[in-house]
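Student: Can you keep this structure in mind? I'll have questions shortly.
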Amino acid sequence: MGACELKSNNPRMIGSIITIKGNEIMLKLLFIAITSLASVTAWAHGMSAEDQARILNAGYFEYIRLGATHMLSGYDHLLFLFGVMFFLTRFGEIIKFITAFTIGHSITLVFATLFSITANYYLVDAVIALTVCYKAFDNLGGFQKHLQMKSPNLTWMVFVFGLIHGFGLSTRLQQLPLGDDGLVLKILSFNVGVELGQVVALSIMLALLMVWRKTASFHRFSKASNVALMLAGGLLLLMQLHGFQHTQYSDDFPLNRDGHQHAHEDMRDNKAPLSNYPKRLELGAPSADPQPEVPKVHRHEGGEPHAH
């Protein structure tokens, strides 16, 4: 029996081969997604020095743009929303959960920023990573299978997690030199930008999920997708805890301590707040006779004096 005859007489075998190939391709895509996320550092969507410099004399539209781009680059927020949207098919349910999430994150974003309530943003982002793991666990039926209980009310959980995500957004916004003039409008403008970014992200997610649900692969790979979502949340959690440990407890890591601390200082200077921002940035033309910058000699605990 030749190959052509085999193909023409065995349609089930052809279907099996196609299914196997499809499974291999999907698994490869999931692996690429997870490893790509693992390669992203925990500081990837912080407020960069460029954002901080641009926002000094910016208007409200600049805050809207910044809020939108920050939401679209906030992979932890997007992963959580993807988990929430994964099995939703009715428009009323989508509106209900997204409204609960929006109200929650708007409350903490506005009030935490207005009253300067902040926390270590590594720890806040670590909790946000846990919300991603939670939603994946819920999507996998983990409460019923492993805890023999019903899932907690999803509307209230999405609202509570919205509060946490909003606090994370607030810690990032407070990295900017906001000033006191028009502070409320600046915060509200940033929040409007976050909402616009969320609408764009949700529209893309809905379109992709609607198309995917019409294919047989959705049912075959829904479990694998949520396992990958849980692994992604776990990786984010480890990265945020790594950042927190090495910035708060650097003495507990004596191996190449000085070099490791310098690496974190460089990351902080590039992505974190302007902690040494003594005065307004001079963005105009340089002076005719600039003075050479003298390296500042300093010493880390237990180390030799040196300069950068």
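The values are calculated or read from the model by the stated rules, or taken from the named source; none is laboratory data. These figures come from a predicted structure and were not determined experimentally. Backbone-built Cβ (ideal geometry, glycine too); neighbour counts: all protein chains shown.
Student: Quick one: which of LYS96, LYS150 is part of a loop (DSSP other than H, G, I, E, B) and either modelled with pLDDT under 95 or farther than 26 Å from LEU238 by Cα (or both)?
Tutor: LYS150
Student: Here are the criteria: (1) closer than 20 Å to LEU79 by Cβ; (2) not in a helix (DSSP H, G or I). Tell me which single one ALA207 does not satisfy.
Tutor: Single failed check for ALA207: (2).
Student: Additional query: Mind checking whether some residue in segment 94-102 is basic (Lys, Arg), buried (at least 18 other Cβ atoms within 10 Å of the Cβ) and touching a residue at least 12 places away in the same chain (Cβ under 8 Å)?
Tutor: There is no residue in segment 94-102 that is basic (Lys, Arg), buried (at least 18 other Cβ atoms within 10 Å of the Cβ) and touching a residue at least 12 places away in the same chain (Cβ under 8 Å).
Student: If you take the residues in segment 166-195 that are over 15 Å from the mean Cα position of the chain (by Cα) and of a type in the set (S, T, N, Q), which one is farthest from PHE101 (Cα to Cα)?
Tutor: Within segment 166-195, the match that is farthest from PHE101 (Cα to Cα) is GLN175.
Student: Okay, next question. Do we have any residue at all in segment 165-187 that's buried (at least 18 other Cβ atoms within 10 Å of the Cβ), over 30 Å from THR247 (Cβ atoms) and touching a residue at least 24 places away in the same chain (Cβ under 8 Å)?
Tutor: no
Student: I want to confirm something. Restricting to segment 107-155 and keeping residues that are of a type in the set (Gly, Ala, Ser) and buried (at least 20 other Cβ atoms within 10 Å of the Cβ), which single residue is nearest to LEU241 (Cα to Cα)? Don't jump to the end; show me each part of the working.
Tutor: Initially, segment 107-155 is screened for residues of a type in the set (Gly, Ala, Ser), giving 112, 116, 119, 126, 129, 136, 141-142, 151.
This time we only want the ones that are buried (at least 20 other Cβ atoms within 10 Å of the Cβ), so: 112, 126, 129, 136.
On the way: ALA112: 23, ALA126: 7, ALA129: 10, ALA136: 20 Å.
Step by step, filter segment 107-155, then rank; the result is ALA126.
Student: Between residues in segment 203-223 that are loosely packed, with under 10 Cβ neighbours inside 10 Å and residues that are in a helix (DSSP H, G or I), which pairs lie under 9 Å by C-beta distance while being six or more apart or on different chains?
Tutor: Listed by first residue and then by second, the contacts come to ALA216/THR19; ALA216/GLY22; HIS219/ARG213.
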